[in-house]
Amino acid sequence: MEKTDKARIYVVEVEDETNRMLSRLSTCIFSAKTGIFRKILLLLIVFILVFSGFFAFQYLSTPANSGARNTLLEQVPTTQSLILRGGFFDYFEADSFSNNTILAYNVSSNAPISTAIMSALQLDEFANNTNDPISNSITYQNGTSVQGNLSISPGQYFLVFYNYNSGRADIQFGYILTPNTPMSHGPAQGPFASGIATFGITNNSGSVTPYEIRTNEIVGDANISSMEVDTPNAGQYGVSVTGATLQLNTLLVVNDSSSSIPKVYWLQNVPDFKTGPSQVSFGDEIWNWTNLVGYLSNQSVVSTNLQNGGAVYPVGTGPCSEACYVYNYNGNNETYSVPFDFELLVKATVIPETGVLVQMGELLQNNGSTVPWGINWFDNITIVDPNVQSAYFDVTGNSVPPIGLYYDTELVFGGEGNAEVAHFTELNASLGLFYQSSTNASSPLPSFPTFYSFSGDTGESADDLVVTYSNGIATLGTGLNPNYVYLGNASQSLILQAPSSTSTTTTSSLSSSSTESSATQTSSTSTIPTSSTTTIVITTSSTSSESTSTTSSSILSTTQFTNSSIIPTTSSSISSTSNSISSTSSSSLIVGSSSTSSTNSTTPTSSTLEASHTSTKTTSTGISEWEWTSVAVIGIVIVVFLALMVLRRKPVTS
């Protein structure tokens, strides 16, 4: 997108004009013959200085770097890259849902560029009007190194880069948006993959509180009673007409001693269904989201399934500028029957001086009838990193992955591949999403604290699925109006154990004073191998202090774990809420028992949406209270200085 004649040197012009005005006024003052005229001129100076201060700050747009916003700015790595030819610009969307949203960015370039924050209207005018200057922005800065953070009101915003020079600009940048919600500036516009997903966001009637959960093991529970797919245009995507997938997707963060910037990988554990012949194959993919190119090789990612096709492949056949490589493994087709009940598992284990072992597994419970119980780790992949220090799956509403989108975890139905939009003619299924929170591998797995009904990261989707919800369990069926909504809180827990010969439904109340569940567990209980650890980070940055306290307490109560670290990320105290961990009971879903209950299932209404959404585009002035104070202080100092100079001169006598 070309943009010509945009190089405007406003700062020099403002400074020159201001200096000329002050010089003329000073001359007038010193030649004034009456005290009254001198006082009038002093008042005029005050007005001009205040106005000039506003004008300079409006165009120089120096954002405040203090407190929490300064801390956030220090966390922004320049992990993305961009090349701009002279006279061209590019932009990245960064939307805000809540009034407490902060956008922080860090930019470096080998040549001076303009970095701006624009509203949708400003971007449209800038892109389509060659006479519209870059200064018509909420804030902008020129230079080779730019840092900024900005408090923004709800709306649609864009981070814009403009190369006003004739030569090429090599740009490195990164940005963080917090809270980062999937319903940013209005109702979610699909289609999306539908099911159950967690974004690290709690929404209490529009009051948003981000949180973070780190774990090294995630389990998705699926129970399919019926499923039929018929997508007439599937051929244009290169997939089957009766094909669909159920995707367990999550992000893995790897820290090593060679860099202060963590590596980020997007992992997918995916059963691929063909409902016509009733076949399913289990496979997986790994994408490198550390930067836009996402380099992977068969030396950096090694699989035990290499002989079965588990390897790194280039994406597409032509030049690639982002997501260029993917690790992919596809298993053999197997026949399935309904009811088809199973768990999908993803696990990460640090191997010192080697890297991170990623295990993809499935635990089949029922394939038309009960089947022998046991976890099948069908793919074991090593992400080679001899300098590895730690690795964890990350769910957080506090940040944005290096390439954008969300740090979410999702268990969702969608197309078979290649961003297909699947059409389900029949579906009756229930889904749950859980994580390992205890060092005791036999402890129940809690559900994530909150859920949405749609995905945030995957490209595949479905056009006719409706989600109903009850306490951590999402039930899916078909319908003309898919609902993409915030579902609510959850307090379920999952116990992985072998099927019992006796039909039972068990409910347990987990206590924070003990790592053992009160649910009876037999000696045949099977657990996921090795221990796991989890860190939860609660960010108390809601729009009201009352809802913050309530929300934090809810999160800590419903997660029901005892061996995890709870780390506040702001100066706000959460000690009052941490004492109430054991105050809420949670229901326990025993995998392997012949029946489970899910009652009071409801369809989320409009009241569960993330705001009273409006179509208006409200833009911030970009001038914070801190900046206004700075302008006032500078103006007062200069006025006092000039006043003293004037008053020191003796009146001119005739």
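A188: assigned to a loop (DSSP other than H, G, I, E, B), among the hydrophobic types (A, V, I, L, M, F, W, C), in contact (Cβ under 8 Å) with a residue 24 or more places away in the chain and touching a Pro at 6+ places or on another chain (Cβ under 9 Å), yes or no?
Values: assigned to a loop (DSSP other than H, G, I, E, B): yes; among the hydrophobic types (A, V, I, L, M, F, W, C): yes; in contact (Cβ under 8 Å) with a residue 24 or more places away in the chain: yes; touching a Pro at 6+ places or on another chain (Cβ under 9 Å): yes.
Yes: the conditions hold for A188.
Inclusion of L296 among residues that are open to solvent by less than 30 Å² (accessible area, probe 1.4 Å), within 21 Å of G456 (Cβ to Cβ), in contact (Cβ under 8 Å) with a residue 12 or more places away in the chain and out of contact with any helix residue (DSSP H, G or I) (no Cβ under 8 Å at 6 or more places or on another chain) is not warranted. Only one entry of S278, S240, S257, S225 meets the criterion of being at positive phi and open to solvent by 20 Å² or more (accessible area, probe 1.4 Å), and that entry is S278.
One residue is enough: does segment 196-207 have a residue meeting the conditions more than 19 Å from S453 (Cβ to Cβ) and either of a type outside the set (D, E, K, R) or part of a loop (DSSP other than H, G, I, E, B) (or both)? Yes, that holds for at least one residue.
Residues in segment 72-96 that are of a type in the set (A, V, I, L, M) and modelled with pLDDT under 80: L72, L73, V76. Taking the criterion of being in contact (Cβ under 8 Å) with a residue 60 or more places away in the chain and out of contact with any strand residue (DSSP E or B) (no Cβ under 8 Å at 6 or more places or on another chain), the residues of segment 370-418 that qualify are T370, Y406, N418.
On inspection, I176 does not qualify as open to solvent by less than 20 Å² (accessible area, probe 1.4 Å), more than 30 Å from A441 (Cβ to Cβ) and modelled with pLDDT of 95 or more. Please determine, by comparing only the residues of segment 427-444 that are among the small types (G, A, S) and surrounded by fewer than 24 Cβ atoms within 10 Å (Cβ to Cβ), which one is nearest to V338 (Cα to Cα). Selected residue: A429.
Can you tell me which residue within segment 204-221, out of those that are at pLDDT below 95 and out of contact with any helix residue (DSSP H, G or I) (no Cβ under 8 Å at 6 or more places or on another chain), is most open to solvent (accessible area, probe 1.4 Å)? Checked segment 204-221; the qualifying residue most open to solvent (accessible area, probe 1.4 Å) is G206.
When you check Y164 against the structure, is it of a type in the set (S, T, Y), over 21 Å from the mean Cα position of the chain (by Cα), part of a strand (DSSP E or B) and more than 16 Å from P77 (Cα to Cα), yes or no?
On the way: of a type in the set (S, T, Y): yes; over 21 Å from the mean Cα position of the chain (by Cα): yes; part of a strand (DSSP E or B): no; more than 16 Å from P77 (Cα to Cα): yes.
It is false that Y164 is of a type in the set (S, T, Y), over 21 Å from the mean Cα position of the chain (by Cα), part of a strand (DSSP E or B) and more than 16 Å from P77 (Cα to Cα).
Remark: pairs (first residue in segment 309-333, small (G, A, S); second residue in a loop (DSSP other than H, G, I, E, B) and at pLDDT 95 or above; Cβ separation under 7 Å; 6+ apart in sequence or on different chains) = A311/N298.
Return the residues of segment 445-484 that are part of a loop (DSSP other than H, G, I, E, B) and open to solvent by less than 10 Å² (accessible area, probe 1.4 Å); say none if nothing qualifies.
Pass one, segment 445-484, residues part of a loop (DSSP other than H, G, I, E, B): 448-449, 455-460, 463-464, 471-472, 479-484.
Listed by number, the residues that qualify are F448, P449, S455, G472.
Among the residues of segment 390-435, those that are among the polar types (S, T, N, Q) and over 26 Å from S257 (Cα atoms) comprise T409, N418, T425, N428, S430. Just one of the listed residues (G415, G368) is surrounded by 23 or more Cβ atoms within 10 Å (Cβ to Cβ) and not aromatic (F, W, Y), namely G415.
Annotation: L292 fulfils all but one of (1) touching a strand residue (DSSP E or B) at 6+ places or on another chain (Cβ under 8 Å); (2) at pLDDT 95 or above; the unmet one is (2).
Residue-wise test of (1) in contact with a strand residue (DSSP E or B) (Cβ under 7 Å, 6 or more places away or on another chain); (2) surrounded by fewer than 15 Cβ atoms within 10 Å (Cβ to Cβ); (3) at negative phi; (4) without any contact (Cβ under 8 Å) to a residue 60 or more places away in the chain.
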{"site": "I117", "(1), (2), (3), (4)": "yes, no, yes, no"}
{"site": "Q122", "(1), (2), (3), (4)": "no, no, yes, no"}
{"site": "A127", "(1), (2), (3), (4)": "no, no, yes, no"}
{"site": "N131", "(1), (2), (3), (4)": "no, yes, yes, no"}
{"site": "I134", "(1), (2), (3), (4)": "yes, no, yes, no"}
{"site": "T139", "(1), (2), (3), (4)": "yes, no, yes, no"}
{"site": "V146", "(1), (2), (3), (4)": "yes, no, yes, yes"}
{"site": "L150", "(1), (2), (3), (4)": "yes, no, yes, no"}
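Restricting V208, V239 to those that are more than 14 Å from the chain's Cα centre (by Cα) and among the aliphatic types (A, V, I, L, M) reduces the list to V239.
Take T505 and decide whether it is modelled with pLDDT under 95, open to solvent by 20 Å² or more (accessible area, probe 1.4 Å) and over 16 Å from G220 (Cβ atoms). Step through it out loud before you land on a result.
Numbers: modelled with pLDDT under 95: yes; open to solvent by 20 Å² or more (accessible area, probe 1.4 Å): yes; over 16 Å from G220 (Cβ atoms): yes.
Criteria met by T505.
Counting the residues of segment 313-330 that are at pLDDT 95 or above and open to solvent by less than 20 Å² (accessible area, probe 1.4 Å) gives 2.
The values are calculated or read from the model by the stated rules, or taken from the named source; none is laboratory data. Owing to the predicted nature of the structure, the values given are computational and were not obtained by experimental measurement. Positions of Cβ are generated from backbone atoms using ideal geometry, with glycine treated the same way; all protein chains shown enter the neighbour counts. Note: areas computed on protein heavy atoms with side chains; ligands, DNA, RNA excluded. Shrake-Rupley method; radii C 1.70, N 1.55, O 1.52, S 1.80 Å.
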